[in-house]
Structure formats: C-alpha cells, structure tokens
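This report refers to the structure that appears directly beneath it.
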Amino acid sequence: MAQDDLRQLVDEALVALNQAQDPAALEEARTRTFGKKGRLTLLAKTLGQMDAALRVSFGSALNEAKASLMDAFDTRAQILSQAALAQRLQTETQDITLSVRPQQEGTIHPITQTLDEIIAIFSAMDFTVARGPDIETDWNNFTALNLPPTHPARQMHDTFYMPAQGEMPMVLRTHTSPVQIRTMLGQNPPIRIIAPGRTFRCDYDMTHTPMFHQFEGLVIDESTHMGHLKGCFEDFLRAFFGIEDLPLRFRPSHFPFTEPSAEVDIGCSRKDGALVLGNYGDWLEIGGCGMVHPRVLENCGIDPEKYQGFAFGTGIERLAMLKYGIPDLRTFFEGDVRWLKHYGFSSLDIPNLAMGLV
Ligand code: DAH
C-alpha cells in the first residue's frame, strides 16, 4: 500500500518537475514534495506506525526515492538556470559603444605643463634634457662655477646647507647651474642641453618661495658666440609666449660663471597695473645668460682655447605666471584643489610645437 503511494508520488513529482518551466515553478514543486507538509514528508511520518519489518524495507525505499528525486530536482534546476541565462544572452544587449562619461579628473600642474612646453621647444632645437640631484656638492653648486669660498655671491644665495659628505660640504642646490658642471664632466663637446629642476633658497614672500624651479641651458662647441645665444633665447621666448615680434633686450650684467654676462628683458606694458607682453616700450627681466667663463670650462677639463659656449638660466614659475596670468607665486605650492582645477591642464593637452603652445 505505502509502496504504491510512494511510486505514485515519485511519478507525479517527476512529472511536476519536468513541467516546471522556470525556477519559481520548480521551487514550488520541490516544496510540494520535500516541504514541511510535502507529500514525501507526510509519507515518511507514517513509518512510525508500521511494523518493524515493513518499516525497514519501506524506510530504505523511501530514502532511495528521496535521494533520486533530489538529484532530479537539482538537475532540472541547472537546466532551467542555463536556459534562463541563454535567454538573457539572446535578448539583452549592452551598448559598449557609449561614450565615456566625464569623470572627476585630476589636472596637470602649471609647472609641469610649462616645463613640457619648454622641453618641446628646445627638443625642436636639438637640445637634450639633463638632470641633476637636489642635494648637490658645494663644489658643483659654487666652486666649479667660479664662485670661490670667499665670493660674496655665496652669501647672496641664502643657501640651505646640508650635512657634509666626508670633507665635502653639501647644499640644496641654489640654482640649476651645477648641472652644467655635471654635464661637462660627464661628456665631451659638442654639448647642447637644458637642465630643468627644483632649486632652493631661504626666501618667502609674494615672489619668492624656498623651493622653486629653474631651467638652465648650456651649449658648448668650437665656434659658438654671443649671436647664437641671442638667437636661441629669442627663438625660445617667442615660441613660448607665442608672440612673433616679442622684443628682447640683453642688458650687461655679472655672473661669476659667464663672461660676458647679460640679463635678458622682454618687452611689456604695465599700463593701469595690467602686465601685457609685447612691443610696448617697457621691460621685464626674465633670465640671466652669458658666454661660459673660461675658468668654468677649465674646471671641467675642457680646453677654453678650443671650445666656447653659452649658458642661460631662468625661473619656470616666472614664465608660467606671465603666460598663464597667475599673480602669486606661493599659490603654486599650496595644493589648493580649487586653484589646481582653475590653473591646471587636461592630461590630454600634451604640449607640442605642431599643435602650437598657446
Ligand atoms: N644661476 C643663475 C641664478 O640662479 C641664473 C643664470 C645666469 C644661469 C646666467 C646661467 C647664466 O646659466 O649663464 O640666478
């Protein structure tokens, strides 16, 4: 009797599970069989009333039926979920051609951008980029550049002195000029480099910060003269500011590492407090330069009878402030996100001469 019930139950459960067309219907059939009030559960409860012999044989038949039904349900569940997935894959679409939504982006710092512009211009003039360390020997920073220990220019520099390395006093480099020395010691002429980087002096006000950036230029060859220096600086400044007739003035000056030396001014107007670059009769200092002093060449093992060269140096912040209208030097290094958003550049705005730099 109970065996018949069991067989019928199994048959009906198999029909129900095969008829189930989705996971919900299958789950319902499963509950109707195995749930608390399910048919199999109820049938199992009748075991208690059976006599011992029957209980053993029916009990094992019941267990077998239960195990094979559970398997059947699991298999059907898998088939249904695979069918559901196949259905979704056929009907759902995802448009991967949608354009990227604008995201919160970082910006390129004006110093980095300006530096990339400088490098783009000088690369086109066949210069390579040289680098030197921030912590420099006193010899590279001063002595080799023809500033002996007693030279007053050393005081002018407001130097940050660092712990000595052995006998050698060390400094945070006060200018990028020591990279001239490193380059001349490391390679033979002809030399054509620019050397950008951080520089340090004890100073802090609207136009001075203890850390700032400079770049240096150095050209050494057998027949370089001051005309090359002027042409080079002029080409650079005109390309950088995008002003073709920007006037330049070379004013006699003094640097211990150049002879003759000059300071370079560019034309501007300061009418009504607004600074505008161009041919307006007023002048603004932009950098220093000169022909490399023979003693500096000698210090680097280069024969000054055979080679001459020119050098120049200028502040990168100053160029950025003038070009991008940034009034206060200190803001460059405050890390104010609003400032960075305002003055920063898109990471895709990579400076190159072909696209123009202004
Ligand atoms: N090193 C100088 C400074 O820090 C700038 C400078 C002047 C660099 C003349 C040069 C140069 O290479 O020839 O103010």
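The values are calculated or read from the model by the stated rules, or taken from the named source; none is laboratory data. Bear in mind the structure is a predicted one, so any value in this text is a computation, not a measurement. Cβ: placed from backbone, ideal geometry, glycine included. Neighbour counts: every protein chain shown. To get the accessible areas, we keep the full protein, side chains included, count just its heavy atoms, and leave off ligands, DNA and RNA. Shrake-Rupley method; radii C 1.70, N 1.55, O 1.52, S 1.80 Å.
The table that follows gives values for the structure above.
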| quantity | calculated |
| --- | --- |
| Cβ-derived FRET efficiency at R0 30 Å, S223 paired with Q165, nearest 0.05 | 0.20 |
| Per-peptide average of other Cβ atoms within 10 Å, ordering 292-303, 219-230, 131-142, 344-355 highest first | 131-142, 292-303, 219-230, 344-355 |
| Along each principal axis, Cα extent of the stretch 99-205, largest first, Å | 64, 38, 26 |
| Most fluctuating residue given options L237, L42, L218, as computed from a GNM of the chain linking Cα atoms under 10 Å | L42 |
| Residues of type lysines that K306 reaches as a straight line, Cα spacing below 27 Å, ignoring anything fewer than 8 places off in the same chain | K230 |
| Among F241, F332, F73: highest mean-square fluctuation, GNM of the chain, C-alpha pairs under 10 Å | F73 |
| Approximate shape of the stretch 45-130 as ellipsoid semi-axes (Cα gyration tensor, √5λ), whole Å, largest first | 78, 19, 13 |
| In degrees, nearest ten, helix 2-19 long axis to first principal axis of the chain (Cα) | 40 degrees |
| Placed amide H near H213: partners under 5 Å, 5+ positions off or other chain | T199, I316, E317 |
| Surface per residue (accessible, 1.4 Å probe) for the chain, Å² | 56 Å² |
| Apportionment of accessible area to carbon and sulfur, the stretch 99-186, percent (1.4 Å) | 57 percent |
| Relative contact order (percent, whole number), the stretch 221-358, Cα cutoff 8 Å, 6+ residue spacing | 22 percent |
| Computed over the stretch 165-298, Cα set: Rg, Dmax in Å | 16.8, 55 |
| Viscosity 1.567 mPa s, temperature 4 °C, Stokes-Einstein D of the chain from Kirkwood C-alpha radius, µm²/s | 48 µm²/s |
| Mean Cβ count within 10 Å, highest first, over the residues of peptides 161-170, 242-251 | 242-251, 161-170 |
| As computed over the stretch 70-112, the Cα convex hull volume per residue (Å³) | 146 Å³ |
| In range of the label at A25: residues from the stretch 50-87 whose backbone nitrogen is under 12 Å from the point 7 Å along Cα→Cβ | 80 |
| Rg to Rh quotient for the stretch 282-358, alpha carbon positions, Kirkwood Rh | 1.16 |
| Ordering of 84-90, 112-118, 183-189 by burial proxy (mean other Cβ atoms within 10 Å per residue, highest first) | 112-118, 183-189, 84-90 |
| Cβ-defined net charge surrounding D336, 12 Å radius [Lys, Arg +1; Asp, Glu -1] | +1 |
| Computed lengthening from E259 to M125, 0.36 nm per intervening residue step minus Cα-Cα distance | 45.8 nm |
| Computed P(r) (all Cα pairs; the stretch 1-94; 5 Å bins; percent) | 2, 13, 22, 20, 14, 10, 7, 5, 3, 2, 1, 1, 0 |
